[in-house]
Amino acid sequence: MSWPFAAVLAVAEQVMDPGKPALAHGPLVRTWGELKGRSDALAGAFVEAGAPPGAKVAHYMRNRMEYLETSAACWKAGLTHVNVNYRYTENELFYIFDNSDAEVIVYAEEFAPQVAALRPRLQKVRLFVEVSDAGLPQRFAQAYETLVALGRPAPERRFGQDDLLFIYTGGTTGLPKGVMWRQTELWAALGGGSPAPGMPAPETLEAFEALLRQGQTGMPTLICAPLMHGAGYLIAVNQLLRGGTVVTAEGASFNAESALDAMQAHKTAVAAIVGDAFGRPLARALEAHPNRWDLSATRMIISSGAMWSSEAKALLGKHMPGTMLLDALGSSEVMGMGMAATPGAAAAGAAPARFMADARTKVITDDGREVTPGSGDIGRIFRGGPIPLGYYKDPEKSGRTFMTFNGARYAVPGDYATIEADGTINLIGRGSQVINTGGEKVFVEEVEETLKTHPAVEDALVFGMADEKWGQAVTAVVETVSPVTAEELVAHLRRTLAPYKSPKNIIFATRCPRGPNGKANYEAARALASAG
């Protein structure tokens, strides 16, 4: 049995000590008692403004406690979370607000000029709420703290089994897509309140309450990635609903030393990162200041949303030997495709991650055959069980991603893999980034990860560029930490990869283009290649 988030949160609010921290950001802390009162008041304000059940609430903020307070208010009022990428330009922002049918926009003061410019075009919006330290919002907006101070009660409502949560994902091509999750399905995909991976989920809310009262709650967790991306947000939601403390990283961009400060100050048991873009800076900070932080409380670092190389894990494991490094294979459309766990002490010399799959994960060839373990055949990963309804207002893309195989419905995000004889998944790459060069297929992640095994390479992005001879020429943008030539990198690649997989052109850059969530920005990388 699974439940909407409002029902789960109500249990956590009832059980947790009102004085225990629920949210933290820098020196600021909100207790469970404060979270309840503030989210109740916001939920009441949203409903009083006329937002009907199911209405969309756009969260236009960087990491801060108000982001998750606003989400909690949505759950209580039966409203739908919509994430907004704060890096978007005016037309991109309008697309998200308009495509999602947002009726409430909660935005940080720093983004007031963008909202003000768009306001004449946002005819569907009933309520603008500005999060401001000064408490002096735009004339058309309500001050967040004023709505909290009014202290309206949360609306009385039956917990809706059809309550939704949206996660807009940009992917690598095309316009952002709104992934529609039923909260009941999402809660199940997150583990359904299970006290630990692999353990059964409680079957009733009373059983869930009993787990919390026994102290089997969520753990203090640092979210390093932006909450406006699914990788960090879903881990935060899971920990909060299970009575944990969610700590969000400060700053407009990731700062490894600040993150380590937060891990020490809040004694976080878990830190959530996104691949090498976060793992390598953490390792470099620990290398530069080996005795500065006490991280003995941190039992796990979990990465999702991007490749986490063996080399980056080894660097981090050297300084955190008692920490488990957990690589989670998933996306906004699907969770739990596979897990790979590496003890920090064993990370040096460990093989690349192979994800252990469960019975809900299959690998299916493009011609519709289930891959036989150990055959070496390549197929796409199909994930069954609790999955999204589809993409909001986009049945065509929904049909390509959410498919039926042998009578069961699966999410198919596009990851290609083989399945080994022991049942582990060997991830090859994302189909949307496959390069067809001279009739040969090249999976970019394979080349990227091999490039990053060279000691001079910090980061690499690989992609195809139009080419008269090859159709697409394999091209790389490479970020280095020491001098190296293109010829040396090609020679390094050819020791382990077929020659056709080597880049025809390598561009050396100060930094590889990535978003604040650590995901590759291939469009920007192609622009660098075109300019260079």
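Values quoted throughout were computed directly from the atomic coordinates according to the rules given, and no laboratory measurement underlies them. For clarity, every value in this text was computed on a predicted model and none was experimentally measured. Cβ atoms come from the backbone with ideal geometry, glycine included; neighbour counts cover every protein chain shown.
Quick notes
- Rounded, prolate or oblate (a/c below 1.5 giving rounded, otherwise prolate when a/b exceeds b/c) for the stretch 245-327 by Cα gyration tensor: rounded
- Under Karplus coefficients 6.51, -1.76 and 1.60, residue-wise ³J(HN,Hα) of the stretch 128-135 in Hz, glycine/proline x: 9, 10, 9, 8, 9, 5, 7, x
- Cα gyration tensor shape for the stretch 434-531, rounded if a/c is under 1.5, else prolate or oblate: oblate
- Label point distance in nm, Arg158-Thr146, each placed 7 Å from Cα along Cα→Cβ: 3.7
- In this label model, Val29 and Glu487 are separated by 6.0 nm, measuring between points 7 Å along each Cα→Cβ vector.
- Model label zone, Lys318; criterion: amide N under 20 Å from point 7 Å along Cα-to-beta-carbon; scope the stretch 271-296: 275-296
- Flagged links, alpha-carbon separation over 31 Å, of Lys362/Lys519; Lys56/Lys519; Lys393/Lys501; Lys76/Lys393: Lys393/Lys501
- Using the Karplus relation 6.51 cos²θ - 1.76 cosθ + 1.60 with θ = phi - 60°, the per-residue 3J(HN,Hα) values for the stretch 409-419 come to 8, 10, 9, 10, x, x, 7, 9, 7, 10, 10 Hz, with x marking Gly and Pro.
- Packing-based exposure ordering (other Cβ within 10 Å, fewest first) of Phe443, Phe94: Phe94, Phe443
- Bridges between two residues of the stretch 278-365, per DSSP, are antiparallel at a rate of about 60%.
- Hydrodynamic radius by Kirkwood, which averages 1/r over all alpha carbon pairs of the chain, in angstrom: 24.0
- Reachable aspartates and glutamates, given that their alpha-carbon falls under 16 Å from the alpha-carbon of Lys36 and they are not under 8 places away in the same chain: Glu13, Asp17, Glu66, Glu69, Glu145, Glu156
- Contour excess over end-to-end distance, with Cα ends at Ala531 and Arg369 and 0.36 nm allotted per residue: 54.0 nm
- Taking each DSSP H run with n ≥ 4 as -39500 (n - 2.57) and averaging over every residue of the chain yields -9000 deg cm²/dmol at 222 nm.
- Here the gap between Lys124 and Leu175, fully extended at 0.36 nm per residue and compared with their Cα-Cα distance, gives a gain of 16.3 nm.
- Note on Leu205 and Leu136: the model spin-label points, each 7 Å out from Cα along the C-beta direction, lie 4.5 nm apart.
- Anisotropy class of the stretch 453-505 from Cα gyration tensor, a/c 1.5 cut: prolate
- As a rough footprinting exposure proxy, the listed residues Thr323, Thr404, Thr510 were ranked by other beta carbons within 10 Å of their own, and the order from fewest upward is Thr510, Thr404, Thr323.
- Between the C-alpha center of the stretch 458-478 and that of the stretch 83-137 there is a gap of 37 Å.
- Phi-derived couplings, Karplus 6.51 cos²θ - 1.76 cosθ + 1.60 at θ = phi - 60°, listed residue by residue for the stretch 239-245: 5, 5, 5, 8, x, x, 10 Hz, with x used for Gly and Pro.
- Efficiency of FRET between Ala297 and Tyr500 - r from beta-carbon atoms, R0 56 angstrom, step 0.05: 0.70
- Beta bridges per DSSP with both ends in the stretch 5-253, % antiparallel, nearest 5: 30
- Stretching Arg213 away from Arg511 to a fully extended chain increases their span by 102.5 nm, per 0.36 nm per residue minus the current alpha-carbon distance.
- A dipole drawn for the stretch 355-429 from +1 and -1 charges on Cβ atoms has a positive end, and of Ala359, Ala411, Ile378 the residue lying farthest that way is Ala411.
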